[in-house]
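**Q** Before I ask anything, let me first share the structure, which is written out below as structure tokens.
Taken together, the values in this text are just the output of simple stated rules run on the coordinates, not laboratory data. Every value quoted in this text rests on a predicted model; they were computed, and no experiment measured them. Note that each Cβ is placed from the backbone with ideal geometry, even for glycine, and that neighbours are counted across all protein chains shown.
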Amino acid sequence: MIQLSNISRQHGSQILFRDASCQILPGTHTGLVGPNGAGKTTIFRIIAGEEEPDSGEVILPKKTTIGYFSQDVGEMSGRSALEEVMATCGSVVRLAVVMQAMEAEMCEPQSDDQMAELLERYGTAVEEFEHLEGYDLDSRAQAVLTGLGIGPDRYNHPVESFSGGWKMRIALASILTLKPDVLLLDEPTNHLDVESIIWLEEWLSSEFKGALLMTSHDRDFMNRVVTRIIEVANATITTYGGNYDFYERERDIRREQLIASFNRQQEMLAKEEEFIARFAARASHAAQVQSRVKKLEKIERIEIPAEERTVRFGFAEPPRSGDDVVAFENLSKVWMTPDGLGKSVFHGISGMVKRLDKIAVVGVNGAGKSTFLKILAGQTEATEGSVTIGANVEIGYFSQHAMELLDPKKNIFETLQECMPLATVGMIRNLLGAFLFSGDAVEKRIENISGGEKSRVVLATILSRPVNFLILDEPTNHLDIRSREMLLETLKNFGGTIVLVSHDRHFLRLLVDRVYEIDHGEMRMYEGSYDYYLSKCHHAVI
């Protein structure tokens with residue numbers, strides 16, 4: 001068991017937590033939640049021994065192995081993908097070498113006392129090796145890599161040949177293969193497609209027997225994996241029993257109870273203060289007045305934590321497009337590889353997007369989802385076939401590349417003002433408030449904000465214009481759960497047409513009414529919700 005007892009931590013003038021306590025119990029799966037900047041990463045770093053609290057005690061049993069996966073994977077070079085994963089388990093490999101040396105030593109002549117001492121050391125080493133599951137290390141590393149989407153054909157590829165997102169998978173595979181006593185996962189679902197997310201859910205639920213503490217912006221993933229929630233917020237740490245949905249309900253109930261207690265206390269304080277003010281000058285009531293003054297001094301005042309408010313922005317109704325938004329016929333796309341060979345992405349797909357459709361494009365990683373969206377948005381041309389945009393269709397296209405086009409020297413307010421030159425300051429601030437930027441936050445320069453904040457800025461710039469057809473490629477990437485809920489409500493109320501790719505199943509379940517699946521170069525269309533698609537498509541992974 002890991003115990004954080006009465007810990008306090010302050011970064012500059014910001015107090016993250018004060019005299020806070022929590023426990024990580026053996027075998028429990030716990031979600032770590034809280035607003036950005038509240039101190040979640042600091043909790044991870046304190047448990048991992050990379051940071052110390054300003055005060056308080058961290059109790060960690062001896063010989064506890066901790067595996068910490070963070071978004072900073074460091075440099076990778078000089079090994080294959082499989083070797084990189086195995087290298088993380090270096091202690092297991094070294095222990096195997098020690099055991100082999102002891103086995104060889106047993107064959108040498110020696111006294112009974114020496115042999116007894118050697119056998120005792122060997123027994124201790126074997127016990128530790130078995131605890132670390134060293135005998136199946138190689139097969140375990142291969143199974144984890146495959147589960148995360150790196151198959152046998154890429155085990156021996158040099159890590160330098162993998163992109164940043166795939167390197168994150170290799171780093172995650174390394175930590176999972178280690179099978180530590182305590183597993184710390186900071187956003188493990190970033191850069192994973194849903195096929196890999198589902199595999200990770202099952203692995204954590206059935207294969208991993210240690211204690212898990214994790215953060216994730218994927219609500220479905222949290223709900224399926226964790227049974228406890230630790231919230232870091234308002235300079236304290238609070239533990240809830242249950243998954244993320246339970247936490248949200250219980251948190252709201254506790255807040256309502258706190259507000260009720262606060263109101264009762266305020267009524268009591270007002271009466272006491274009124275009595276003191278009325279009789280303070282009367283000698284006959286001096287004892288009673290002093291008694292009540294002392295009583296008020298001893299009362300612990302209830303404080304209501306600042307509520308994270310979401311501004312509701314009344315988006316203008318987009319201009320009406322024609323009923324046929326976009327028609328595509330016999331679309332095929334072939335990308336040319338560096339060696340001059342053509343790689344077919346999909347072929348011969350046809351269909352029609354109608355006004356007010358909300359369509360999810362799904363398929364495994366590399367199926368061609370983003371390519372299809374790029375063709376619809378006019379960002380690339382099809383190799384064969386045609387795309388016909390309907391009457392009065394105004395397209396707003398979002399992709400991760402769009403974040404790179406923001407001017408890093410402008411601040412958030414200036415970026416929106418450039419898109420809305422005729423809007424008042426109040427209108428721009430209200431729009432930014434709807435995308436969770438308020439107060440001084442709108443003065444942050446683009447170069448100093450996070451990936452999630454950049455995503456929200458780009459989405460705000462798109463929706464600030466009179467578009468009626470949104471094409472969104474992974475709009476939920478980098479967004480935390482609160483930001484995803486904000487975006488979900490915005491898109492549900494959008495009065496136009498939407499085609500999007502997202503790996504967030506909760507998001508798709510509550511938004512879309514049609515599903516296009518790209519599978520092995522072909523497209524299948526499902527005239528129903530995301531749940532309908534799942535019910536009809538037994539092989540579905542998203």
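**Q** Rounded to the nearest 0.05, what FRET efficiency do Ser21 and Leu356 have when you use their Cβ-Cβ distance and R0 = 51 Å?
**A** Result of the calculation: an efficiency of 0.50.
**Q** Go through 525-532, 482-489, 265-272, 212-219 and give me the packing order, highest mean Cβ count within 10 Å leading.
**A** 212-219, 482-489, 525-532, 265-272
**Q** Now for a separate question. Please state the shape class of the chain: rounded when a/c is under 1.5, otherwise prolate if a/b exceeds b/c and oblate if not, all from the C-alpha gyration tensor.
**A** oblate
**Q** Obtain the radius of gyration and the Kirkwood radius of the range 324-536 from its C-alpha atoms and give Rg over Rh.
**A** Details: Rg = 17.9 Å, Rh = 18.2 Å.
Looking at the range 324-536, the ratio lands at 0.99.
**Q** Report the antiparallel proportion of the DSSP beta bridges in the chain as a percent, rounded to a multiple of 5.
**A** 55 percent
**Q** Straight distance only, please: which lysines reach the Cα of Lys369 with their own Cα at less than 30 Å, same-chain residues fewer than 8 apart left out?
**A** Cα-Cα hits under 30 Å: Lys167, Lys333, Lys343, Lys354, Lys358, Lys454, Lys492, Lys536.
**Q** Additional query: Let me have the 222 nm mean residue ellipticity of the chain computed from DSSP H runs of 4+ only, each contributing -39500 (n - 2.57), with the sum over all residues rounded to the nearest 500.
**A** Taken over the chain, the calculation gives -12500 deg cm²/dmol.
**Q** Pull up the cross-link candidates among the lysines for Lys62, meaning alpha carbon to alpha carbon under 21 Å and not fewer than 8 places away within one chain.
**A** Lys179, Lys209
**Q** Same structure, new question: For a quick check of your reading of the filter: which trypsin sites (Lys or Arg not before Pro) in the range 30-131 sit in a DSSP loop and have no more than 13 other Cβ atoms within 10 Å?
**A** Lys62, Lys63
**Q** Also, I was wondering about something else. How big is the Rg/Rh ratio for the range 247-298, C-alpha atoms only, Rh by Kirkwood, two decimals?
**A** Radius of gyration over Kirkwood radius for the range 247-298 works out to 1.27.
**Q** Evaluate E = 1/(1 + (r/R0)^6) for Val126 and Glu207, where r is the Cβ-Cβ distance and R0 equals 25 Å; express this FRET efficiency to the nearest 0.05.
**A** Once rounded, the FRET efficiency stands at 0.65.
**Q** Would the range 26-153 count as rounded, prolate or oblate if I go by the C-alpha gyration tensor, calling it rounded below 1.5 in a/c and otherwise prolate when a/b exceeds b/c, oblate otherwise?
**A** Oblate shape, in that a/c is at least 1.5 and b/c is the bigger or equal ratio.
**Q** With a 10 Å radius around each residue's Cβ, average the other Cβ atoms per peptide and rank 380-386, 55-61, highest first.
**A** Taking the mean over residues of other Cβ atoms within 10 Å, the ranking is 380-386, 55-61.
**Q** Can you give me the distance in nm between label points at Asp72 and Leu422, each placed 7 Å from the Cα along the Cα-to-Cβ direction?
**A** Result: 4.8 nm between the two label points.
**Q** Please give the contour-minus-distance gain from Lys444 to Ser80: 0.36 nm per residue of separation, less the Cα-Cα distance, rounded to one decimal in nm. Walk me through the numbers before you get to the answer.
**A** Values: separation 364, 0.36 × 364 = 131.04 nm, distance 4.08 nm.
Difference between extended and current length: 127.0 nm.
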